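Values in this text are rule-based calculations from the coordinates and carry no lab data. Quick caveat: nothing in here was measured; it's all calculated off a predicted structure. Every residue, glycine as well, gets a Cβ built from its backbone with ideal geometry; the counts of neighbours run over all protein chains shown.
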Amino acid sequence: MNNAPNVKLGIVAVSRDCFPAPLSKSRRIKVVEEYRKLHKDIYECPVMVENEKDASKALDDIKKNGIDALVIYLGNFGPEGPETMLAQKFGAPVMFCAAAEENDTDSLNDNRGDAFCGMLNASYNLGLRNVKAYIPAYPVGYPEEVALMIVRFETIARILIGIRNLKIFSFGPRPYNFLACNAPIKPLFDLGVEIQENSELDLYEAYVKHENDKRIPSVIESMNKELCGRNNHPTVMQRLAQFELTLLDWKDNNLEASEYAAFADKCWPAFQTMFKFVPCYVNSRMAAMGYPVACETDIYGALSEYILYLASESIPTLLDINNTVPRAMYEKHVRSKYPYTNEDIFMGFHCGNTSSCNLNAGCGTLDYQKIMKRLIEPDKEPDVSRGTLDGVLKPGNMTLFRLQSTADAKLRSYIARGEILDVDPNSFGSIGVIAIPEMARFYRHVLIEKQFPHHAGVSFDDVSSILFDTMRMLNVDDISFNRPAGMLYSTENPF
């Protein structure tokens, strides 16, 4: 993955002094064997942690070997003090898991590990040390089960490490008529995210300096190839390529101490009249490179997109939770084909920022941004609204997600699992018909009740479970989801 951590995992086994250390070691070896069967690699720390000195030796060893995230494996009961001390001093993502009992007979004597019991003491001691470790839903298993737990942890660790090394570049103040995009940035620093806020003038100056960039022709060639002959405005390509290079160079020149980047850019109304195009298509290409660009200076939208990118290892988008589906369209194309009511579906839309890979046939059409054309061009300079990517979202599984700061700087999130339907919306922009079970209730008792903005991060994969665990690791206490029928929201009328 571009613009994402390549997580190097390590595993260390622990053993309580009154239990046989060889049992814990042999169980660790089996876990690693099963993990490698999944075409994954993990560093085996040779130190068996039984006391505090062992914990220090293990810490030195894993740091020397460049470990980014650590699995602490209870092959037997485990020493709760040294093992949690190791987690505390490691200071990076840590997972705790434990061995289920296994042997070839019904007898459990010298080969009984009691790790089922040891996990309880480990959790208590993690609380004493104020360590937020990842503990799977059921953290005790056989080697092949523990291997799958580690696969899941790798994804969560990638998200946590990515967030802590992310810098969001914003350009322009958040639009006055879109106050929902305006949220306190203090929680970003709490997460470890850097934010570099810039003016539109900074961006325009950088853009002008790229006017004669020698790389422009190759970018135009790449764009034309991607558009598959669906370029209705070839004369705007020079400007779009110039702008793409401007953003990429800004990233390279301003990352500094950070490692990963996302953008939140002002895109109307002055953008069109000054830059002479709309940035939607460039935003779609930046996302496809692994650099999400949120529209309307939506900083938390950019963060949400980046989290989705790390969770799914695929390209997300940012859409408005936009409009209802006309009854006639529902009756003709949905009712007899899908198990949804008309209140379960809506159209997810944005002006044209969704990457080609997430559109039907893997290709969109370069065209006018219809809303901006309607707003600006009747009375002002024509043709400044070119540069959007029209296309229908590809059908399949999807996850609706947002991590957002409230007005009083508290983090809250929602996660909703659904699907994009194979229905033509017969409209413009990047758009699709989305189904979320019990959407009407979710809309009222989460999106409205908790004052979430209209922008939603969209993954074209089901990553809802991973997101939930990750939000908990980030200490987000308020995590909402689309509750099934019969499971009331706290604000829902029970009568």
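From the alpha carbon centroid of the range 187-212 to that of the range 50-71 is 39 Å.
Kyte-Doolittle mean at least 0.5 and Cα extent at least 30 Å along the axis: which DSSP H helices of the chain qualify? Before the final figure, lay out each step's value.
Details: long enough: 143-164 (31 Å, 0.91).
Membrane-span-like by this rule: 143-164.
What FRET efficiency do you get for S218 and E256 if R0 is 22 Å and r is their Cβ-Cβ distance, rounded to the nearest 0.05? All intermediate terms of the calculation are to be shown ahead of the outcome.
On the way: r = 27 Å, r/R0 = 1.24.
Efficiency for this residue pair is about 0.20.
Taking the DSSP beta bridges with both ends in the chain, the antiparallel portion is around 45 percent. Whole angstrom only: what separates the Cα centroid of the range 3-42 from the Cα centroid of the range 423-495? Value for the Cα centre distance between the two parts: 37 Å.
Only bridges with both residues in the range 369-495 count here: give the DSSP antiparallel percent, nearest 5.
Numbers: 15 of 21 bridges.
Bridges in the range 369-495 that DSSP calls antiparallel: roughly 70 percent.
Charging the Cβ of each Asp and Glu at -1 and of each Lys and Arg at +1, and nothing else, the dipole of the range 283-351 about its Cα centre rounds to 360 debye. Taking trypsin sites (Lys or Arg not before Pro) as exposed when their DSSP state is a loop state and no more than 12 other Cβ atoms lie within 10 Å, the longest site-free interval of the chain runs over 1-208. Counting only Cβ charges, +1 for Lys and Arg and -1 for Asp and Glu, the dipole size of the range 165-481 around its Cα centre is about 640 debye. Pairs from the list K186/K450; K53/K132; K89/K410 with a Cα-Cα gap above 26 Å: K89/K410.
Which whole-number percent is the relative contact order of the range 9-163 (Cα, under 8 Å, 6+ apart)?
Working: 283 pairs, mean separation 41.7, N = 155.
Answer for the range 9-163 is 27 percent.
Here, the range 236-369 has an Rg and a Dmax of 17.0, 55 Å when only alpha carbons are counted.
Potential lengthening of the chain between R472 and R129 amounts to 121.7 nm, from the contour at 0.36 nm per residue minus the alpha-carbon distance. Shape verdict for the range 101-218, please, from the Cα gyration tensor: rounded (a/c under 1.5), prolate (a/b greater than b/c) or oblate. Cα axes put the range 101-218 in the prolate bin. Think of the chain as having a plus end and a minus end, set by charges on the Cβ of Lys, Arg, Asp and Glu; of L318, V433, M329, M329 sits farthest toward the positive end of this dipole.
Dimensions of the range 202-279 based on its C-alpha atoms, expressed as ranges along the principal axes with the largest first, amount to 41, 27, 22 Å. For the range 369-433, the calculated P(r), taken from all Cα-Cα distances in 5 Å bins from zero up to the bin holding the longest distance, is 4, 14, 14, 12, 13, 14, 15, 10, 4 percent. Please compute, over every Cα-Cα pair in the range 307-445, the percentage with a separation greater than 18 angstrom. For the range 307-445, the share of Cα pairs beyond 18 Å comes to 60 percent.
Which whole number in µm²/s is D for the chain by Stokes-Einstein, with the Kirkwood Rh taken over Cα pairs at 25 °C and 0.890 mPa s? Spell out each step's value before the answer.
Numbers: Rh = 24.5 Å.
Diffusion coefficient, whole number: 100 µm²/s.
Taking the three principal axes of the alpha carbon atoms in the range 1-97, the coordinate ranges are 47, 29, 19 Å, sorted in descending order. With a cut-off of 14 Å between beta carbons, the residues surrounding P217 carry a summed charge of 0, where Lys and Arg count +1 and Asp and Glu -1. The mean of 1/r over all distinct Cα pairs in the range 9-163, once inverted, gives the Kirkwood hydrodynamic radius of 15.1 Å. By the gyration tensor of its Cα atoms, with a ≥ b ≥ c the square roots of the eigenvalues, what is the shape of the range 259-318: rounded for a/c under 1.5, prolate for a/b over b/c, or oblate? It comes out prolate by the Cα gyration axes.
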